[in-house]
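The values are calculated or read from the model by the stated rules, or taken from the named source; none is laboratory data. On a predicted model such as this, the values are computed, not experimentally measured, just so you know. Positions of Cβ are backbone-derived with ideal geometry, glycine not excepted, and every protein chain shown enters the neighbour counts.
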Amino acid sequence: MTPENAAVPMLPGLRDPSRRVSRRAVAYWTVRAALDGLILLAAEGAVAAGTGLGAGWVIALALTLLVVVGYVLIMPRWRYRVHRWEVTADAVYTRTGWLSVTWRIAPISRIQTIDSHRWFGERLFGLANVTATTASAAGPVHIRGLDTATADRLLDELTAATGALPGDAT
Amino acid sequence: MISEARAGALPEAEPAGEPGWQWLSPRSLVVRPVTDLLRALPVVIGLLFFGSRHGAPNLWGLAFAGFAIATSIVRYCTTRYRVTGERVYLRHGLLSQKVLSVPRDRIRSVDLSAHVVYRILGLRKVHLGTGRNDRRDGGSLHLDALTLADAEALRAALLASPPPAPPALGEAPASGGLDAAVASGPAERELARLAPGWVRYAPLTLTGLVIVGVVIGSAFQVIDATHVNITAIGPVHRLTVTLSHLTLLQRALEVALAVLALLVLLSVAGYVALFWNFRLVAVGTGMLRVSRGLLSTRTTTIDTRRLRGAELSEPLLLRGAGGARCLAITTGLRVGHGAERGGSLLLPPAPRGVAAAVASAVLETAVLESAGAEAVAVGAESVGVPAPGTELAGAGAVAPAAAAGGWAAELLTGDLVRHGPSARRRRYVRAVGGAGVLAAAGVAAWAAGAVPAWAGLGSLILLPLGAVLAADRYGSLGHRLADGWLVTRTGSLIRRRSVLSTEGIIGWRIHQSWFQRRQGLASLAATTAAGRQHYTAHDVPVAAALDLATSATPDLISPFRTTA
């Protein structure tokens, strides 16, 4: 679907899932990363101020700031390139992560529940996620950073698909 | 008790009004007071023999005991159960009445358990497991407690397969019906029985450590409850005096020896208490039954339809002594910490050969059940028993099975596909690299004068230890796919070899860290509803990992493979 898809897949031999998440997810991840970084910096700054703000602390704070800025700038964009998903008639297939990448494949026939959470932060950005759980405690498949309309459509599709199948999916 | 149906005393408002509702055993009323009394016994003894600094007995404890007894009476009076052709009902509750019910064809396990008090009273707790979702409490139903005879009759009736045809509504299953089911039970075949010599493996597991913790914990509780000054007690006082005259090294040595002796003693005692009379029995082809215990007994029944595989686990020390444990991979019995306590144990620590033999016997029983004679024929064909003595070439090839059913033994003891030089390098980089960082920190601290020389230079010993660990961890890595079974082996402190039926695989998870990507490796996890929920082959070359997943579940993976 995207130009990059035709190129060599990320895992040689396994094609990339066809669809990307919403572009707004990048903004959402950036804000979250920035907030996390600010909390870290504030905590470190408080400790530093409490102990007299020596030269060592100033260097440590500067280094932390550098790492946080790098993380905020790089991680969301990198993550956007990695996060992909695809739902076929038989399976849900996702790729998540950034430095470490995880591919998950779950057959539709083994899906037990479908649900969708919209956290406050996600709603601000018009995002939603869809989670498909299987009978395995290790098997939930999360699709995060979808735009709300896509998530709703996906939710309906998956619910219809799984509802039609008999058995207890173990 | 079963004939003692007091249906007339029940409210008529609901289906419960029909006959067939039964009481639990009245003896279960005695359980709670007796248990409380036994639990209080150490405290009472402590008070009698060692005296107390503060004489006031704990009134809160008494009040609590009284409340507990009252609760158990109410619970007994408000609890009934009923077995019909289709379902088992349990009704309880005084103010808000609750009726639980389980369809009989969903019942996957019927476990009987009893601690000492139950055994003295001839009672058994009955747990009906549905295996539907072991993480939710709603999936199981407890009857606490029935007499031994009733409990066994109930188990036989519920697990008799196929489930009996539903009788006419309102027709209570009389005790005669249950007895008949017992009499016509399928043949039992013993797969394993505890040999007294296996006790030698007891000190090699962590069970002893846990027991020591519990014993010390309860000792402190008694001391706390009785306010006894232990250093004033004769032997303890003499011991502390003697110890204080020794040098530090002698003291450390003596304490270490004493702790070691205590560990050995308690772990042996624990092994005997948990696993005495251990028996694994195949009941027909549809069921496995594990029974064990010296004082507290437990009987677990595993429906082979729910069996997805078996696992050999070898904790490091046990492995060194040539021992192993065997666990069932089954839906509905979750593998947790301390598998002895869970229901999934198929064999306590025992010689490795015995564990492998038990595991393969269990797998064979499961295959016999799952598809009948047809599966056996297919299995024999694909394992390849052509001309006897024909050797198949290749490390991953299946050796010709000498006896029928050799395929399962081959899965549990045969060679595995190794993960190759990249995986080996990764193990070394991780273990030796980690040790190197620690050692460098140690040496740097010594150079800076922060720690004494022995600590700084001593940390260098981490390097060879890391190398040994890496070699052992790589030695554990392996996988194999044969006859619809996925075999994975991993781990050093606890090496686990799992044999999982590909039919039990309900998804895949492929994980690749940044370093793994550069080395062309990936970790492949098959997710399942059974056992540990996922079984992972670590650090497999990417192409091999994808081929493995594709061969195991072609329908699932093929659509996502690139043909290139």
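Please enumerate the residues belonging to the stretch A:65-75 that are in contact with a helix residue (DSSP H, G or I) (Cβ under 6 Å, 6 or more places away or on another chain) and either in the same structural domain as residue A:111 (by TED's automatic domain parsing) or of a type in the set (Val, Ile, Thr) (or both).
A:68, A:72
Considering only residues that are crowded, with 16+ Cβ neighbours inside 10 Å, of a type in the set (Phe, Trp, Tyr) and modelled with pLDDT of 65 or more, which ones fall in the stretch B:36-81?
Result: B:76, B:81.
Got at least one residue in the stretch A:117-129 being closer than 24 Å to residue B:500 by Cα and either modelled with pLDDT under 90 or part of a helix (DSSP H, G or I) (or both)?
Filtering the stretch A:117-129 for residues closer than 24 Å to residue B:500 by Cα gives none.
No, the stretch A:117-129 contains no residue that is closer than 24 Å to residue B:500 by Cα and either modelled with pLDDT under 90 or part of a helix (DSSP H, G or I) (or both).
Looking at this structure, is residue A:89 at negative phi, loosely packed, with under 14 Cβ neighbours inside 10 Å and within 14 Å of chain B (Cβ to nearest Cβ)? Before you say what the answer is, go through the steps one by one.
Working: at negative phi: yes; loosely packed, with under 14 Cβ neighbours inside 10 Å: yes; within 14 Å of chain B (Cβ to nearest Cβ): yes.
In short, yes.
From the set of residues in the stretch B:517-559 that are within 9 Å of chain A (Cβ to nearest Cβ) and part of a loop (DSSP other than H, G, I, E, B), which is nearest to residue B:420 (Cα to Cα)?
B:520
Suppose we filter the stretch B:82-124 for residues that are farther than 24 Å from residue B:330 by Cα, surrounded by 15 or more Cβ atoms within 10 Å (Cβ to Cβ) and among the polar types (S, T, N, Q); how many remain?
So the count comes out to 1.
Does the stretch B:318-343 hold any residues that are modelled with pLDDT of 80 or more and within 22 Å of residue B:111 (Cα to Cα), and which are they? Steps first, answer last, please.
Quick first cut of the stretch B:318-343, residues modelled with pLDDT of 80 or more only: B:318-330.
The answer is B:325, B:326, B:327, B:328, B:329, B:330.
Every residue, every condition in (1) at pLDDT below 95; (2) crowded, with 17+ Cβ neighbours inside 10 Å; (3) among the charged types (D, E, K, R); (4) not assigned by TED's automatic domain parsing to the domain that holds residue A:124, yes or no:
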position	(1), (2), (3), (4)
A:4	yes, no, yes, yes
A:12	yes, no, no, yes
A:16	yes, yes, yes, yes
A:36	yes, no, yes, yes
A:42	yes, no, no, yes
A:49	yes, no, no, yes
A:59	yes, no, no, yes
A:63	yes, no, no, yes
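Among the residues of the stretch B:503-516, how many are surrounded by fewer than 20 Cβ atoms within 10 Å (Cβ to Cβ), in contact with a Ser or Thr (Cβ under 7 Å, 6 or more places away or on another chain) and not in a strand (DSSP E or B)? Outline the logic, then answer.
At the first step, the residues of the stretch B:503-516 found to be surrounded by fewer than 20 Cβ atoms within 10 Å (Cβ to Cβ) are B:503, B:511, B:513-515.
If we keep only those that are in contact with a Ser or Thr (Cβ under 7 Å, 6 or more places away or on another chain) as well, we get B:511, B:513-514.
Now drop any that are not not in a strand (DSSP E or B), which leaves B:513-514.
Final tally of qualifying residues: 2.
Restricting to the stretch A:92-103, and then to whatever is among the aliphatic types (A, V, I, L, M) and facing chain B (nearest Cβ under 7 Å), can you tell me which residue is surrounded by the fewest Cβ atoms within 10 Å (Cβ to Cβ)? Lay out the reasoning, then the answer.
We begin by selecting, within the stretch A:92-103, every residue among the aliphatic types (A, V, I, L, M); these are A:92, A:99, A:101.
Filter once more, keeping what is facing chain B (nearest Cβ under 7 Å): A:99, A:101.
Details: A:99: 13, A:101: 20.
Among those residues, the one meeting the criterion is A:99.
Check whether at least one residue in the stretch B:491-502 is buried (at least 24 other Cβ atoms within 10 Å of the Cβ) and at the interface with chain A (Cβ under 9 Å from one of its Cβ atoms), and report yes or no.
No - not one qualifying residue is present in the stretch B:491-502.
Take residue A:106 and decide whether it is surrounded by fewer than 14 Cβ atoms within 10 Å (Cβ to Cβ), in contact (Cβ under 8 Å) with a residue 24 or more places away in the chain and not in a helix (DSSP H, G or I). Reasoning before the result, please.
On the way: surrounded by fewer than 14 Cβ atoms within 10 Å (Cβ to Cβ): no; in contact (Cβ under 8 Å) with a residue 24 or more places away in the chain: yes; not in a helix (DSSP H, G or I): yes.
Considered against the rule, which asks whether it is surrounded by fewer than 14 Cβ atoms within 10 Å (Cβ to Cβ), in contact (Cβ under 8 Å) with a residue 24 or more places away in the chain and not in a helix (DSSP H, G or I), residue A:106 comes out as no.
Regarding the stretch A:13-35, can at least one residue be identified that is outside any helix (DSSP H, G or I), in contact with a Pro (Cβ under 8 Å, 6 or more places away or on another chain), within 14 Å of chain B (Cβ to nearest Cβ) and among the hydrophobic types (A, V, I, L, M, F, W, C)? Please lay out each step first, then the result.
Keep residues of the stretch A:13-35 that are outside any helix (DSSP H, G or I), which gives A:13-23.
Applying the additional criterion that residues be in contact with a Pro (Cβ under 8 Å, 6 or more places away or on another chain) yields A:15-16.
Checking the rest, the ones that are also within 14 Å of chain B (Cβ to nearest Cβ) come to A:15-16.
Right, trim to among the hydrophobic types (A, V, I, L, M, F, W, C) and you get none.
No; the residues of the stretch A:13-35 include none that is outside any helix (DSSP H, G or I), in contact with a Pro (Cβ under 8 Å, 6 or more places away or on another chain), within 14 Å of chain B (Cβ to nearest Cβ) and among the hydrophobic types (A, V, I, L, M, F, W, C).
Checking residue B:276 against (1) at pLDDT below 85; (2) surrounded by fewer than 19 Cβ atoms within 10 Å (Cβ to Cβ), which single condition isn't satisfied?
(1)
Of the residues in the stretch B:284-316, how many are within 22 Å of residue B:500 (Cα to Cα) and of a type outside the set (D, E, K, R)?
Going residue by residue through the stretch B:284-316, those that are within 22 Å of residue B:500 (Cα to Cα) are B:285-290, B:300-315.
Subsequent filtering for residues that are of a type outside the set (D, E, K, R) retains B:285-288, B:290, B:300-302, B:304, B:307, B:309-310, B:312-313, B:315.
So the answer is 15.
Just to be sure I understand, how many residues within the stretch B:190-214 are closer than 30 Å to residue B:287 by Cβ and surrounded by 13 or more Cβ atoms within 10 Å (Cβ to Cβ)? Give the steps one after another, and end with the answer.
Keep residues of the stretch B:190-214 that are closer than 30 Å to residue B:287 by Cβ, which gives B:190-199, B:201-202, B:205, B:207.
Then drop every residue that is not surrounded by 13 or more Cβ atoms within 10 Å (Cβ to Cβ), which leaves B:191-192, B:194, B:198-199, B:201-202, B:205, B:207.
The total comes to 9.
Going through the stretch B:219-250 one residue at a time, which ones are under 28 Å from residue B:202 (Cβ atoms), surrounded by 12 or more Cβ atoms within 10 Å (Cβ to Cβ) and modelled with pLDDT of 75 or more?
Within the stretch B:219-250, B:219, B:239 meet the criteria.
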